[in-house]
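The values are calculated or read from the model by the stated rules, or taken from the named source; none is laboratory data. These numbers come from a predicted model, not from an experiment. For neighbour counting, all protein chains shown are included, and Cβ atoms are generated from backbone atoms with ideal geometry for every residue, glycine included. The protein model used for the area step is the full one, side chains on, heavy atoms only, and it has no ligands, DNA or RNA in it. Shrake-Rupley method; radii C 1.70, N 1.55, O 1.52, S 1.80 Å.
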Amino acid sequence: MPAMIVDPSKCTKCGVCLKACPSGIVSFGDTGLPEMDVRLASNCIECGHCALFCPASANSLSFLSAEKMVPANTLEMPSERAALNLIKTRRSILRFKDESVPKDVIAEIFEAVRMAPTASNSQPVRWIVAHDSSLTKEIVNLILCWMREEIFKNPTSPVALLGAHMIAKAREGEDGLLRGAPHAAIAVVPKSYRWPEDGSIALTYFELAAHGMGVGACWGGFLTMAVRKFAPLREFLGIGEDEHICGAQMFGYPALEPVRQFPTRKAPDITWLASKAAGNE
């Protein structure tokens, strides 16, 4: 059962931990110190906010020790412009070097990815990663098998027509599906999970974290479709029938680097809500 530990020599009884707790299970106890209501401890989502937001760093948690928390003011943070530029300079990489990304670099990317928000901090996303490029090529072959099957079923369907094109590319030695990426990552959540969008959020974190590490990525639409439709590919990846496929990323070191940035984009389509009172002014 989660528990909050308070250092009485540091606690100023400011009440920030009470305000920071999203579950509302922290209150002042008989000793005058904040404590987690043991009757409601099962409602704790282990977000750590009661400790992370404490101005005096007086709180620790049974699942998050003080030694594992880093003072926020010691972290190197980008400027506002640098943070926005990281997001705005993300490109879908479609040409990759024939070079593997070291596992320690991928591990650092996932250190950022695991901080992605999830409903009630449930952290349901499971990842399947192909690091060996030969396994990534086998994934491509299985996608092509699925496309051949679709051609056999209905040669005039959109997937069949697209499949014929991709098969022709493959015969010429070109990978039009994963673009020659040495690696692929697939995100899944339990089918019973109510918020599968959390997997898409995690995939977006992956793409941005990879960009920050000098690794290129691109959303794998063909791979996502094939995994959802083709049982042999799901079996190869070890994805169960009780799991929902949220999406996929192909990734590796970019073979091409942009010399200029900020291509044309549509203006944001925003509807600003206005109160009736504001509308009558």
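Just a few scattered comments:
- For the range 86-147, the Cα gyration tensor yields ellipsoid semi-axes of 25, 18, 14 Å (square root of five times each eigenvalue, largest first, whole Å).
- For the chain, taking a cut-off of 4.7 Å between Cβ atoms, the unpaired cysteines are CYS11, CYS14, CYS21, CYS44, CYS47, CYS54, CYS145, CYS218, CYS246.
- Model label sites at ASN121 and ASN73, defined 7 Å from Cα along the beta-carbon direction, differ in position by 2.5 nm.
- Ordering of 21-29, 102-110 by packing [mean C-beta count within 10 Å, highest first]: 21-29, 102-110
- log10 of Debye I(q)/I(0), alpha-carbon scatterers only, for the range 18-59 at 0.25 Å⁻¹: -0.89
- Label-to-label distance for LEU162 and LEU135 is 2.6 nm, based on points extended 7 Å past Cα in the beta-carbon direction.
- For TRP219, solvent-accessible area (1.4 Å; no DNA, RNA or ligand), Å²: 100 Å²
- Sequence-separation-based contact order of the chain, relative, with Cα cut under 8 Å and 6+ spacing, percent: 20 percent
- Accessible surface of the chain, 1.4 Å probe, proportion on carbon and sulfur as whole %: 56 percent
- Within the range 22-106, the GluC sites (Glu not before Pro) that combine a DSSP coil assignment with at most 12 other C-beta atoms in a 10 angstrom radius are GLU76, GLU99.
- Modelled spin labels at ARG260 and GLU111, positioned 7 Å past Cα toward Cβ, are 3.7 nm from each other.
- An ellipsoid equivalent to the range 75-214, defined through the eigenvalues of its Cα gyration tensor, has semi-axes of 31, 20, 15 Å when rounded to whole angstrom and sorted largest first.
- For the range 125-281, projected area of the alpha-carbon convex hull averaged over all directions, nm²: 14.5 nm²
- Antiparallel DSSP beta bridges within the chain, percent to nearest 5: 95 percent
- Per residue, the Cα convex hull of the range 128-193 amounts to 101 Å³.
- Helix-only [θ]222 nm of the chain, DSSP H runs n ≥ 4, -39500 (n - 2.57) each, per residue, nearest 500: -10500 deg cm²/dmol
- What the Cα convex hull of the range 1-147 gives, in volume per residue, is 189 Å³.
- A 1.4 Å probe run over the chain, with the rest of the protein chains in place, finds 62 Å² accessible per residue.
- Annotation: lysines with alpha-carbon distance below 30 angstrom to LYS19 (same-chain offsets under eight excluded): LYS10, LYS68.
- Cleavage-rule hits (GluC sites (Glu not before Pro)) in the range 214-245: DSSP loop, at most 15 neighbouring Cβ within 10 angstrom: GLU241
- Long hydrophobic helices in the chain, taken as whole DSSP H segments with a C-alpha length of 27 Å or more on their own axis and mean Kyte-Doolittle hydropathy at least -1.0: 133-153.
- In the set [x] 232; [y] 182; [z] 154, the label that goes with volume of the Cα convex hull per residue in Å³ computed for this structure is [x].
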